[in-house]
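Worksheet: one structure, shown below.
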Amino acid sequence: LANYTSASGVTIGHGLNKAPSFYIHKPLSGSKNWHVYHSSLGATKALLLNSTNAEATAIGYWANTEPTADVLSLGNTHAGTGDGIVYAWAEVDGYSKFGTYTGNYSANGAFVYTGFRPRMLFVKRADGTNSWFVWDTARTTFNKMNSYVYWDLTNAEETGYAIDVLSNGFKIRGQNNATNN
């Protein structure tokens, strides 16, 4: 969590002791976008947490600079926005994992290895237009988990897209474009 004032892009010390794999930036004033960095997309692309848009490319998001063990960079897209906030996460073995998978558009979907049983899982199709799906084991305690919420919509909890949460990862269920393409 960092609070800053931007002039022409900034670097922010994050205190994670290793490069973050995932971070979210939001200017505090106005109705600006929530910009999302993901290590698998790299420092030239971003997703928007409040949008169904596919990944976008721009030097202004992260100044084309990968995060380090000490700092992360915000580019000139964020210049002059005033105060902002950044939430950053690094992988911790047995606790958190950030990555990508390729679906198979089959009822018997892809298995994703994490090395532990996920408690919360969020999925966003990067190369196409779709929502951010969020499942958690506190609300649904058994498989097949098909209740989820969205990060980009104000909808109430919905059912439909299903996953199985396993002791060492998760498995996508169902033939669909949103989570299994």
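Within the range 141-159, which residues are in contact with a Phe, Trp or Tyr (Cβ under 9 Å, 6 or more places away or on another chain) and either among the aliphatic types (A, V, I, L, M) or modelled with pLDDT under 90 (or both)?
The initial filter retains those residues of the range 141-159 that are in contact with a Phe, Trp or Tyr (Cβ under 9 Å, 6 or more places away or on another chain), namely 145-153, 157-159.
Of everything in the range 141-159, those that are in contact with a Phe, Trp or Tyr (Cβ under 9 Å, 6 or more places away or on another chain) and either among the aliphatic types (A, V, I, L, M) or modelled with pLDDT under 90 (or both) turn out to be Met145, Val149, Leu153.
Go through the range 41-91 and give me each residue that's in contact with a His (Cβ under 9 Å, 6 or more places away or on another chain), open to solvent by less than 40 Å² (accessible area, probe 1.4 Å) and farther than 24 Å from Val149 by Cβ.
Gly60, Tyr61, Trp62, Pro67, Leu72, Leu74, His78, Gly84, Ala90
Of all residues in the range 137-159, which are assigned to a strand (DSSP E or B) and in contact with a Ser or Thr (Cβ under 9 Å, 6 or more places away or on another chain)? Before you say what the answer is, go through the steps one by one.
Quick first cut of the range 137-159, residues assigned to a strand (DSSP E or B) only: 145-150, 158-159.
Within the range 137-159, Met145, Asn146, Ser147, Tyr148, Tyr150, Glu158, Thr159 meet the criteria.
Considering only the range 127-148, state which residues are touching a residue at least 12 places away in the same chain (Cβ under 8 Å), open to solvent by less than 30 Å² (accessible area, probe 1.4 Å) and either in contact with an Asp or Glu (Cβ under 8 Å, 6 or more places away or on another chain) or farther than 19 Å from Ala54 by Cβ (or both). Spell out how you get there, then give the answer.
Initially, the range 127-148 is screened for residues touching a residue at least 12 places away in the same chain (Cβ under 8 Å), giving 127-139, 143-148.
Those left that are additionally open to solvent by less than 30 Å² (accessible area, probe 1.4 Å): 128, 131-137, 145, 147-148.
Listed by number, the residues that qualify are Ser131, Trp132, Trp135, Asp136, Thr137, Met145, Ser147, Tyr148.
Is there any pair with a first residue in the range 48-68 that is under 12 Å from Ala126 (Cβ atoms) and a second that is open to solvent by less than 30 Å² (accessible area, probe 1.4 Å) and among the β-branched types (Val, Ile, Thr) whose Cβ atoms are under 9 Å apart and which are 6 or more apart or on different chains, and what are they?
Between residues of the range 48-68 that are under 12 Å from Ala126 (Cβ atoms) and residues that are open to solvent by less than 30 Å² (accessible area, probe 1.4 Å) and among the β-branched types (Val, Ile, Thr), the close pairs are Leu48/Val36.
Inside the range 18-133, counting only strands (runs of 3 or more DSSP E) that do not spill past its ends, which hold 3 or more residues that are in contact with a strand residue (DSSP E or B) (Cβ under 9 Å, 6 or more places away or on another chain) and among the aliphatic types (A, V, I, L, M)?
45-48, 71-74, 82-89, 120-124
The values are calculated or read from the model by the stated rules, or taken from the named source; none is laboratory data. Keep in mind that this is a model prediction, so the values were computed, not measured. As a convention, Cβ positions derive from the backbone with ideal geometry for all residues, glycine included, and neighbour counts pool all protein chains shown. The area values use the complete protein model at the heavy-atom level, side chains included, leaving out ligands, DNA and RNA. Shrake-Rupley method; radii C 1.70, N 1.55, O 1.52, S 1.80 Å.
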